[in-house]
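This report refers to the structure that appears directly beneath it.
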Amino acid sequence: MTGLKSLPVDEILTRGTIKETDVTKFRRILYEDGIVSPDEADILFRLNASCPMTDSSWSAFFIEAITDYLVFQAHPQGYVTSDNAHWLLERIASGGLARSKTDFDLAVSVLEKARWAPVSLARFALEQVKHAVIAG
C-alpha cells in the first residue's frame, strides 16, 4: 500500500484544509522509505489543487517532495526529461499560466535543482515572470 494512502486523504480533501499536523504526518510517511512514488506524487497534486486553505508548512513540503520525485528519483537522476516536464506542466499550468504561487515555485525549484531541464520548462517559468511583471 502506498504510504500516503494510509492517511485520511479523502477526509482532508472533504475538509479542504491541510493542517500542520497533516504535513507532519505526510512528511513522516512519505520519507519513511525515502522514495516518492508516482501514486504519492499524484496524491500530493490532488491535495494541492483541492485544498484552498493550507498551513504555511505545506508549500515547502509539497515543493520538496515533488522536486525530489522529478529530479532525484526519476531516471536519469538529476535530469528532467521532456516527458517529466510535460507531466509537471499538465499539473501546474492552465492556459499557459501557473495555477498558484506554489506551482510557480515548484517549477523554479525543479529548474534550480536539475542539472538539465527541457527548454519548455524554462520557457514556462520565464513566461510566468513576464506575466507577473506586465499584469501584476
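If you go through the stretch 16-40 and keep only what is in a helix (DSSP H, G or I) and either hydroxyl-bearing (Ser, Thr, Tyr) or under 14 Å from Ile63 (Cβ atoms) (or both), you end up with Thr21, Val23, Thr24, Phe26, Arg27, Leu30. Of all the residues in the stretch 99-119, those that are touching a Ser or Thr at 6+ places or on another chain (Cβ under 8 Å) and of a type in the set (S, T, N, Q) number 2. Please specify each residue of the stretch 32-52 satisfying the condition of being among the hydroxyl-bearing types (Ser, Thr, Tyr) and at pLDDT 95 or above. Matches in the stretch 32-52: Ser50 only.
Looking across the stretch 109-136 at every residue that is outside any helix (DSSP H, G or I) and under 15 Å from Gln73 (Cα atoms), the one that is most open to solvent (accessible area, probe 1.4 Å) is identified as Arg115.
Lys19 passes every criterion in (1) under 27 Å from Lys130 (Cα atoms); (2) basic (Lys, Arg); (3) surrounded by 13 or more Cβ atoms within 10 Å (Cβ to Cβ) apart from (1). When restricted to residues that are farther than 22 Å from Ala122 by Cα, assigned to a helix (DSSP H, G or I) and among the polar types (S, T, N, Q), the stretch 49-68 contains 3. Taken over the stretch 97-107, residues that are open to solvent by less than 50 Å² (accessible area, probe 1.4 Å) and either outside any helix (DSSP H, G or I) or more than 15 Å from Ala122 (Cα to Cα) (or both) amount to 3. Close contacts from the stretch 69-89, counting a first residue that is assigned to a loop (DSSP other than H, G, I, E, B) and surrounded by fewer than 12 Cβ atoms within 10 Å (Cβ to Cβ) and a second that is at pLDDT 95 or above and not β-branched (Val, Ile, Thr), with Cβ to Cβ under 7 Å and a gap of 6+ residues or different chains, come to none at all.
The values are calculated or read from the model by the stated rules, or taken from the named source; none is laboratory data. Since the model is a prediction, treat every value here as computed from it, not as a measurement. Cβ sites come from the backbone with ideal geometry, for glycine too, and all protein chains shown count toward neighbours. Protein only, heavy atoms only, side chains kept; ligands, DNA and RNA dropped before computing areas. Shrake-Rupley method; radii C 1.70, N 1.55, O 1.52, S 1.80 Å.
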